[in-house]
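Working notes, beginning with the structure itself.
Laboratory data are not the source of any read-out in this text; all were calculated from the coordinates shown. Please read all numbers here as calculations on a predicted model, not as lab measurements. So basically every Cβ, Gly included, is an ideal-geometry build from the backbone, and we count neighbours across all protein chains shown.
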């Protein structure tokens, strides 16, 4: 399905695409002068010292540094669905929707990490309470012998949990399209059969839930962030619809 852009409804989406592309380019160049945008602006797990609250916003503008595919897929979907949702909601509501769903995606990913890390965090707390007795052998001649070493080990582990990408907000745009235009036919690449937007959204949500729960070892996609974008998008649209219904009534 082709979606055109018009002069009255495309500015925010085009600006978002340009900003994302500029960030990706900067992330390729700045390491040459020892500036790591991913370390500064990517969303770290909140128990690590690298976490900063502003990362809930900035992580949306970073994409996989090793492959441009991540960026291209998100920007293509933003280009396809963003202008229609921008015209449907209006510029101000569109910006609110985009950033609320992106931030919501980050929050849900943090909660998913917190759940996954319950055993690790419990073990760290047990070691601290025991005074690291006996010391823990990490292999390669490395031991955790003091509480300070345990805390440093845990902090390093937490800091390695990083989320980047606009996928949560982009998935929320797909959800909005499915809610506002539920019977609009869409096509999945290489599958020449039209699928109604509402079924496409349901299918994507179920796929993300399955992949997130299964947690395949080869999969580094933040599926729960995608689901978080869908969830916050759904709640925000329902809130706006209810608010508008009250005004009409």
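Using only the alpha-carbon atoms, what does the stretch 1-111 span along each of its principal axes? Please give whole angstrom values in decreasing order.
So the three principal-axis extents are 43, 31, 21 Å.
On the first, second and third principal axes, largest extent first, how far apart are the outermost C-alpha atoms of the stretch 144-183 in Å?
Here the Cα extents, ordered largest to smallest, are 62, 13, 9 Å.
Determine the gain in length on full extension of the stretch residue 143-residue 58; use 0.36 nm per residue of separation and subtract their C-alpha separation, reporting nm with one decimal.
27.0 nm
With the Cα gyration tensor of the stretch 60-156 in hand, convert its eigenvalues to equivalent ellipsoid semi-axes via √(5λ) and list them largest first in whole Å.
45, 17, 9
Please list 102-110, 235-243 highest first by mean number of surrounding beta-carbon atoms within 10 Å per residue.
Listed from highest to lowest mean packing, they are 102-110, 235-243.
Rank by packing, highest mean first: peptides 198-205, 29-36, 79-86, with packing defined as the count of other Cβ atoms within 10 Å averaged across residues.
79-86, 198-205, 29-36
Report relative contact order for the stretch 29-153 in percent, whole number only (criteria: Cα-Cα under 8 Å, sequence separation at least 6).
That works out to 15 percent.
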